[in-house]
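A short write-up of the structure that comes next.
What follows draws every value from the coordinates through simple rules; no lab data is involved. Predicted model only: the values in this text are computed from it and were never measured.
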Ligand SMILES: Cc1ncc(COP(=O)(O)O)c(C=O)c1O
């Protein structure tokens, strides 16, 4: 394993992996708040549903404690398109704004899907 990583923790699902990731990030940093992106799917258990940010997979149960959703960078349908030279800066500014105005200014983690699912980007 790379660097000083010496432990592997096997889990049963992506939801459980994200649950453990949230716990580790909070335990390690001492911070509570987590930034996720809108339109994301991170799982369906209570904690991962909080990271998930699409009405299709969110239900009327308590979830999302300490999770805040910033605008997902989407050059296809996003509010700042691929030809906008300021798009990246604008999306990053929204993340900073969420940190500045929705958290104590310190976060435990930022989570984003490496490849947001195309089918969700097509829903309106
Ligand atoms: C990015 C991402 N995170 C988490 C999950 C949740 O995984 P699981 O269904 O194994 O709980 C999924 C499942 O599709 C996923 O695509």
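Which value in deg cm²/dmol, rounded to the nearest 500, describes the helix-derived mean residue ellipticity at 222 nm for the chain, given -39,500 (n - 2.57) per DSSP H run of n ≥ 4 and division by the residue count?
Result for the chain, helices only: -10000 deg cm²/dmol.
How high is the relative contact order of the chain, given as a whole-number percent (alpha carbon pairs under 8 Å, six or more residues apart)?
Reported relative contact order: 28 percent.
In degrees, nearest 10, range 0 to 90: what is the angle between the Cα axis of helix 87-102 and the longest Cα principal axis of the chain?
It is inclined by approximately 50 degrees.
Which of rounded, prolate, oblate describes segment 14-121, given a ≥ b ≥ c as roots of the alpha-carbon gyration tensor eigenvalues and a/c under 1.5 marking rounded, otherwise prolate only if a/b is larger than b/c?
Cα axes put segment 14-121 in the oblate bin.
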